[in-house]
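Student: Sharing a structure below in structure tokens format, with a few things to ask.
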Amino acid sequence: MKLIILITSKIQGGMEVALAWQEIGAPGVTIIPSHGLHSLTEQVKRTSIELPPNVVSSMSATLAYITGQVEHTNYTILSVVPDDMVDKLIEAAKGELGDLMSPRTGVCFIVDIAQAIGVRDPRGDQE
């Protein structure tokens, strides 16, 4: 089994990728609205956000508060899938987002999973 993770700033494209992964047969697709730190700090510079006095105590508290006040700029999409499904999911992501090597398209990486508990096998096999 593999964990495939895609992070993209193309919000609509990210949703299309998630739907495509589901259509291909990924047993579960999780979509997490997220912020890249660079994008977040740039967004803060362009916007005036009033900080409550108790929030300015630390940089992490400030950033945590701000993430709730500004629009998310990325989607992080992930799924645990059988090894033989990974290439299909990558191709689907490329089909929706374009060449992942192009700037501001997305980042995709695959992680080996030694054991997964509670993950449905899309082929119906028992693991």
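The values are calculated or read from the model by the stated rules, or taken from the named source; none is laboratory data. Not measured: the values here are computed from a predicted model. All Cβ positions, even for glycine, are placed from backbone atoms using ideal geometry, and neighbour counts span all protein chains on display.
Student: Among Gly68, Gly106, which is the only one that is at pLDDT below 95 and under 19 Å from Ile5 (Cβ atoms)?
Tutor: From the options Gly68, Gly106, the qualifying one is Gly106.
Student: Restrict the check to region 75-97 and report whether at least one residue is hydroxyl-bearing (Ser, Thr, Tyr) and at pLDDT below 90.
Tutor: Looking for residues that are hydroxyl-bearing (Ser, Thr, Tyr) and at pLDDT below 90, one finds none in region 75-97, hence no.
Student: Can I ask one more? Quick one: how many residues across region 95-107 are in contact with a helix residue (DSSP H, G or I) (Cβ under 6 Å, 6 or more places away or on another chain) and outside any loop (DSSP other than H, G, I, E, B)?
Tutor: Adding up the residues that qualify gives 2.
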